[in-house]
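The values are calculated or read from the model by the stated rules, or taken from the named source; none is laboratory data. Quick caveat: nothing in here was measured; it's all calculated off a predicted structure. Cβ: placed from backbone, ideal geometry, glycine included. Neighbour counts: every protein chain shown.
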């Protein structure tokens, strides 16, 4: 797994690639926490390079959703591969976070 | 074509990934559709993560095996362990998917996904062993035989 980050004021895009499972969910969690701790309230997670994510990754997303909601922003996902989207649907996460086609659309959702 | 693979796991949190990746490699070679490969490896990963995380005390002498079996008609996996009795199909809490992010917990989500993604799941406790079997038919994809 790899997370690349681009922070712009109070919003940021985290591009996650590879596999997120119980073996490395801790690293994913630390990466998102480090971004939010910089004062980011609107976090976009770009999933275009994400090959695999289990419930361990959902747990990390849930924590980040709570933290960004509490900061007055939120978390949005974009470019989600079809099989990962199915995980989000079956787990009910599509009700907790918005899913956009592009990072630009996702970021724009925080500036309205 | 028929492929059978038996894997032995150590009590280590990295082991479910090894099994998931081994499964993916064989399944791709076997021509299993990508959607099924993803869902079945997620189920294997979730169930094995439960076993390596919760089934054993420090003092236990753990034995965990997985047998993967691929035929033209179906993919099966049998997970056996000598840990404490646990039927994840019944004993895991069902998640409430209607709660807000603030009230949600992720307990039981892995099993919820597993049940949604694999056609047939069975649990049996016998002679001190937990035995979970997963069966996914491949024949429901007529385009593969066109």
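Points worth noting:
- Matching option when the condition is touching a residue at least 24 places away in the same chain (Cβ under 8 Å), within 14 Å of chain B (Cβ to nearest Cβ) and outside any strand (DSSP E or B), among A:60, A:40: A:60
- Of all residues making up region B:11-44, the number that are closer than 27 Å to residue B:107 by Cβ and in contact (Cβ under 8 Å) with a residue 40 or more places away in the chain: 12
- Of all the listed residues (A:41, A:109, A:54, A:8), the sole one being in contact with a helix residue (DSSP H, G or I) (Cβ under 9 Å, 6 or more places away or on another chain) and modelled with pLDDT under 95 is A:8.
- Restricted to helices (runs of 4 or more DSSP H) entirely inside region B:31-121, those with at least 1 residues that are loosely packed, with under 14 Cβ neighbours inside 10 Å and more than 9 Å from chain A (Cβ to nearest Cβ) are B:34-54, B:88-91.
- So residue A:26, is it surrounded by fewer than 17 Cβ atoms within 10 Å (Cβ to Cβ), farther than 18 Å from residue B:106 by Cα, out of contact with any helix residue (DSSP H, G or I) (no Cβ under 6 Å at 6 or more places or on another chain) and within 11 Å of another protein chain (Cβ to nearest Cβ): no
- Subset tally (residues that are crowded, with 20+ Cβ neighbours inside 10 Å, part of a helix (DSSP H, G or I) and either at pLDDT below 95 or more than 14 Å from the chain's Cα centre (by Cα) (or both)) for region A:88-101: 0
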